[in-house]
C-alpha cells in the first residue's frame with residue numbers, strides 16, 4: 001500500500017470521510033547554503049520524497065490532526081491559536097497565518113505522513129507547512145497564490161515553531177519543477193529555472209544520522225554575526241542593505257571594525273553567492289566537473305569559515321575526494337549533522353554506498369543511511 005493510499009484508508013477509518021489528498025515534497029539545495037537569510041541566491045529543487053496529507057471539512061471550529069509517523073492525534077480550536085509543544089505547531093502556525101491575513105477557515109480534519117527522512121536537512125517541516133497551506137486553500141476555495149501560501153509557511157516557522165528561517169525551503173517545495181533547479185533571488189523572490197541534466201551521473205544523499213535541531217542557538221547566532229558585519233560595512237557604504245550588496249573588497253574596508261569570526265562568516269556568504277552564479281553558468285554548459293568543484297568549495301567554506309559542519313559531515317565529504325567517480329560533494333542544509341550531497345557516476349553507485357558505509361561505521365561506530373534523490377514537481381493535489 002502506498003503512503004497516499006494509507007492516508008486515505010486511515011482518514012476514512014478515523015473520520016468517516018473521503019479526503020482531499022495533497023503531496024508536498026522535501027527539497028535539496030544544490031549550492032547556496034546560509035545565503036537565503038542574507039538576501040542572496042540559492043539553487044534548490046523539490047525531490048521525490050514527500051509528505052502526503054488528507055483533508056476534509058468537519059463543520060465545526062475545531063481541528064483534528066493525526067500523524068501517521070507518530071501515531072498521535074492532536075486537536076486545536078481555530079478561535080484559540082497559540083504556540084504549543086510538538087509537531088502541531090507546524091499545522092496551527094499555517095492556519096493562524098491564513099486567518100490573520102483575512103481568510104476565513106472552518107474546522108477540518110487532517111491525516112499526514114510521508115517518506116522524507118526527519119532531521120536529514122530535507123525540509124520536512126517546510127513540506128508539512130506547504131502541504132497544510134495548499135490543502136486548506138483547496139478545501140476552502142481561498143484562491144490564494146502559491147507565493148502567498150509559501151509566505152504563510154515561513155510565517156508559521158517564525159511565529160509558532162520559533163525558527164527565523166529564510167524563504168528557500170518553502171519556495172523550493174512549493175514551486176519545484178521536475179528535472180529543474182530553481183535559481184532564487186531570496187531578496188526579490190525573482191526566480192528562474194535551470195535544467196538539471198545529469199546524464200551518466202546522479203545525486204546521492206548520505207545521512208550522518210547525527211540529529212540536528214536548527215532552532216538551537218547556532219543558527220540564530222550566525223544570523224546575528226552576519227548582521228553585525230553588515231552594520232560595520234554600512235558605516236563605509238551607507239547604501240548597503242545585506243551581505244548580497246557587499247563585495248570582498250568592501251568587506252575588507254571594514255575588517256578592522258569587526259571580529260575575525262564575523263569577518264569569516266561574511267566572507268563565506270559573499271563567496272558562496274559567487275560560487276552559485278558560476279554553478280549556474282556551468283550547468284548551462286553541461287560542465288558537471290566544474291559543478292563538482294564548486295560543491296567541494298562550498299563545503300570547505302561551510303566547514304572552515306561558517307563553521308556549521310561537524311566531524312561526521314567532514315569525514316563523508318573528505319572520503320569522496322579520492323574517488324574518481326565522484327565529481328563533487330558537500331554538506332547540505334543547516335549543518336551540525338544531516339546529509340551530504342554527492343554527485344556520482346550511476347554505474348558506481350552500489351560500490352560507493354557499500355564503501356562509504358563501511359568506512360563511516362568503522363570511524364564513528366554508527367550506521368549512515370543513503371538515499372537516491374530525483375528532482376520532482378512541487379506541492380500539489382494528487383488523485384488516487
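The values are calculated or read from the model by the stated rules, or taken from the named source; none is laboratory data. Computed from a predicted structure; not experimentally measured. With ideal geometry, Cβ positions are generated from the backbone for all residues, glycine too; neighbour counts draw on all protein chains shown.
Structure values in brief
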quantity: For residue 104: the one exception among (1) over 19 Å from residue 55 (Cβ atoms); (2) modelled with pLDDT under 95; calculated: (1)
quantity: Answer residue from the range 187-208, given it is under 30 Å from residue 364 (Cα atoms) and in contact with a helix residue (DSSP H, G or I) (Cβ under 8 Å, 6 or more places away or on another chain) and is surrounded by the fewest Cβ atoms within 10 Å (Cβ to Cβ) among those; calculated: 202
quantity: Hits in the range 304-327 - residues which are assigned to a loop (DSSP other than H, G, I, E, B), out of contact with any helix residue (DSSP H, G or I) (no Cβ under 6 Å at 6 or more places or on another chain) and surrounded by 20 or more Cβ atoms within 10 Å (Cβ to Cβ); calculated: none
quantity: Check on residue 221, in contact (Cβ under 8 Å) with a residue 12 or more places away in the chain, in the same structural domain as residue 306 (by TED's automatic domain parsing) and out of contact with any strand residue (DSSP E or B) (no Cβ under 9 Å at 6 or more places or on another chain); calculated: no
quantity: Conditions (1) closer than 30 Å to residue 358 by Cβ; (2) modelled with pLDDT under 90; (3) buried (at least 18 other Cβ atoms within 10 Å of the Cβ): number failed by residue 211; calculated: (3)
quantity: Residue among 149, 184 that is in the same structural domain as residue 33 (by TED's automatic domain parsing), surrounded by 18 or more Cβ atoms within 10 Å (Cβ to Cβ) and under 29 Å from residue 287 (Cα atoms); calculated: 184
quantity: Selection status of residue 288, surrounded by fewer than 17 Cβ atoms within 10 Å (Cβ to Cβ) and in the same structural domain as residue 222 (by TED's automatic domain parsing); calculated: no
quantity: In the range 358-384, residue surrounded by the most Cβ atoms within 10 Å (Cβ to Cβ) [restricted to those that are touching a strand residue (DSSP E or B) at 6+ places or on another chain (Cβ under 7 Å) and outside any strand (DSSP E or B)]; calculated: 379
quantity: Any hit, the range 246-258, residues being over 20 Å from the mean Cα position of the chain (by Cα), closer than 30 Å to residue 198 by Cβ and buried (at least 19 other Cβ atoms within 10 Å of the Cβ); calculated: no
quantity: Residues (crowded, with 24+ Cβ neighbours inside 10 Å and either without any contact (Cβ under 8 Å) to a residue 12 or more places away in the chain or under 13 Å from the mean Cα position of the chain (by Cα) (or both)) located in the range 155-180; calculated: 157, 168, 169, 170, 171, 172, 173, 174, 176
quantity: Any hit, the range 201-211, residues being under 16 Å from the mean Cα position of the chain (by Cα) and farther than 23 Å from residue 345 by Cα; calculated: yes
